[in-house]
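The structure that follows is given in the form of structure tokens.
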Amino acid sequence: MAEAEAAGPDAAGDGAGEERLAVIGATVPTGFEAMAAAEVQEKLGSASRISRDRGKIYFEVPAHSLPEVHQLRSVDNLFVVVQEFKDYQFKETKEDALKDLEDLVKKLPWDDPLKIWELNNGLKKKKTKRKKQNVQQTASKGELQDGTGEEKEHRAAGGQEDCTTNMAGDGQSGEEMQGDASQNEEDDNELSEAKNELHASSGAETKAGEDKKDGGDVKVLKFRVTCNRAGDKHSFTSNEAARDFGGAVQEHFQWKADMTNFDVEVLLNIHNNEVVVGIALTEESLHRRNITHFGPTTLRSTLAYGMLRLCDPQPTDIIIDPMCGTGAIPIEGAMEWPGCFHVAGDNNPQAVKRAASNICSLLKKNESKESSASLGAPLDIVQWDICNLPLRTGSVDVIVTDMPFGKRIGSKKKNWDLYPACLMEMGRICTPGTGRAVLLTQDKKCFIKALSRLGHIWRKSHTVWVNVGGLHAAVYLLKRTWERVEENKSFW
């Protein structure tokens with residue numbers, strides 16, 4: 001029927017000295033899969049496999065490394081893989097294809113992934129409460145494109161007849177609206193506490209595989225199934241797949257279906273002929289870790305990390321974000337690269353105020369926790385004009401910023417004047433020969449035109465295509481040439 005890969009965590013044995021392994025799947029910003037894989041290798045020592053379905057990576061870790069997995073800065077959502085089918089042969093008719101998915105439930109190796117899920121319960125952050133539970137927007141029309149032209153549907157179901165649209169699917173939402181609350185960055189003390197919770201959690205949590213008959217006090221778990229499907233050759237919809245697969249899960253475990261207050265979220269990821277069944281390890285995206293004061297176009301922390309990593313910061317580098325908004329990039333930089341000095345600014349006083357508030361929130365948390373991770377020294381926020389920065393010529397090593405798309409802020413017409421002026425001023429302050437810039441924009445036509453006029457200052461080194469809130473954007477890595485900047489030069 002299919003080429004199956006026993007990707008579920010493999011119990012090494014019952015011996016005290018043997019460690020249970022888990023295959024972890026992680027959703028990451030589209031386009032930055034290689035950056036996420038490099039971080040996993042660097043921090044966990046595990047090689048990652050990049051999925052054919054863009055925006056996902058897979059890696060194997062021992063169970064005791066789960067706290068470190070939750071500390072990864074490039075990943076949005078985490079799940080433990082139950083089993084993977086790299087070439088699943090779907091039946092031609094809808095009825096047969098859905099019946100196959102139902103029958104699959106009984107054949108899957110659930111035991112070890114559910115044990116990993118139990119261990120993880122003490123680590124995951126609880127979902128942030130919204131003013132309205134249904135105000136979640138990951139199924140917006142703009143996000144139905146994954147960058148390859150294939151339609152993605154996000155649906156959830158727990159019973160055979162009860163189906164609802166899943167709005168918390170794979171955490172691929174882009175920009176966050178003002179008013180969202182978030183948990184802040186976990187510091188070193190939290191990591192230590194998480195490890196202690198990891199060892200204690202299995203005894204405190206309900207055993208997911210236990211049958212209700214084994215004891216009258218055993219809690220019946222609530223669950224839902226979320227189907228993420230990409231591809232146009234399937235005879236069924238995501239809603240139908242989640243409904244029938246969820247019905248089989250309910251029958252197999254005797255769990256109770258609940259679309260909102262669930263204990264277990266079973267994931268059914270289908271990308272063309274690739275099928276991955278998993279169990280979610282996060283209730284909400286990990287990118288909500290640093291920002292407490294959101295603006296209209298707040299950049300996700302995971303995307304900010306990928307942009308910073310792309311420019312390869314070195315100790316003592318001076319890194320600036322001249323259009324910082326709510327401060328996602330400089331905050332991420334200061335947390336991960338404290339050996340650099342980070343300066344950020346914006347011309348909008350409200351944006352500067354939000355960025356300062358986000359920094360203060362992190363400082364207060366660090367002080368209350370008495371953490372060894374300090375945010376005070378390497379970061380500052382200034383109000384300034386991007387076209388006339390109060391910085392000396394050639395004084396900056398790295399520039400990382402999210403440029404106005406011309407959608408929610410500014411306009412595409414204004415970008416034709418703004419972009420060349422920005423690139424010229426960035427070229428002035430950036431160190432000739434060694435300076436670099438990482439710039440995110442959706443207005444690619446305007447950017448490329450401006451860059452072509454300033455080719456004597458900037459050389460395009462690399463481009464990463466990303467999906468930001470359903471908009472197809474690009475991250476450009478630019479290298480500063482040795483050319484001196486001619487001031488007051490006409491761009492067009």
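Conditions tested, residue by residue: (1) within 17 Å of residue 121 (Cβ to Cβ); (2) among the charged types (D, E, K, R); (3) surrounded by fewer than 16 Cβ atoms within 10 Å (Cβ to Cβ).
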| site | (1), (2), (3) |
| --- | --- |
| 225 | no, no, no |
| 230 | no, no, no |
| 234 | no, no, no |
| 250 | no, no, no |
| 254 | no, no, yes |
| 259 | no, no, no |
| 265 | yes, yes, no |
| 269 | no, no, no |
| 276 | no, no, no |
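Being touching a Cys at 6+ places or on another chain (Cβ under 7 Å), of a type in the set (A, V, I, L, M) and surrounded by fewer than 22 Cβ atoms within 10 Å (Cβ to Cβ) is the filter here; which residues of region 412-442 pass it?
Matches in region 412-442: 421 only.
For region 27-58, what are the residues that are assigned to a strand (DSSP E or B) and buried (at least 21 other Cβ atoms within 10 Å of the Cβ)?
27, 48, 56, 57, 58
Right, something else. Any residue in region 266-281 that is at pLDDT below 95 and either more than 26 Å from residue 84 (Cα to Cα) or under 13 Å from the mean Cα position of the chain (by Cα) (or both)?
No, region 266-281 has no match at all.
Looking only at region 443-453, which residues are within 21 Å of residue 398 (Cα to Cα) and crowded, with 21+ Cβ neighbours inside 10 Å?
447, 450
With crowded, with 16+ Cβ neighbours inside 10 Å, assigned by TED's automatic domain parsing to the domain that holds residue 20 and at negative phi as the only criterion, which of 86, 124, 107 stands out?
124
Kindly list the number of the only condition in (1) at pLDDT 95 or above; (2) farther than 23 Å from residue 301 by Cα that fails for residue 370.
Unmet condition: (1).
Among the residues that make up region 317-325, is at least one of them within 30 Å of residue 249 (Cβ to Cβ), part of a strand (DSSP E or B) and among the acidic types (Asp, Glu)?
no
Right, residue 109: closer than 20 Å to residue 283 by Cβ and either under 22 Å from the mean Cα position of the chain (by Cα) or in contact (Cβ under 8 Å) with a residue 24 or more places away in the chain (or both) or not?
For residue 109, the condition - closer than 20 Å to residue 283 by Cβ and either under 22 Å from the mean Cα position of the chain (by Cα) or in contact (Cβ under 8 Å) with a residue 24 or more places away in the chain (or both) - is not met.
If you don't mind, there's one more thing I want to ask. For the structure I just gave you, tell me whether residue 318 is surrounded by fewer than 21 Cβ atoms within 10 Å (Cβ to Cβ) and touching a His at 6+ places or on another chain (Cβ under 9 Å).
When the stated conditions are applied, residue 318 passes them.
The values are calculated or read from the model by the stated rules, or taken from the named source; none is laboratory data. Source: prediction; values computed, not measured. Methodologically, a virtual Cβ is constructed for each residue, glycine included, from the backbone with ideal geometry; neighbour enumeration extends over all protein chains shown.
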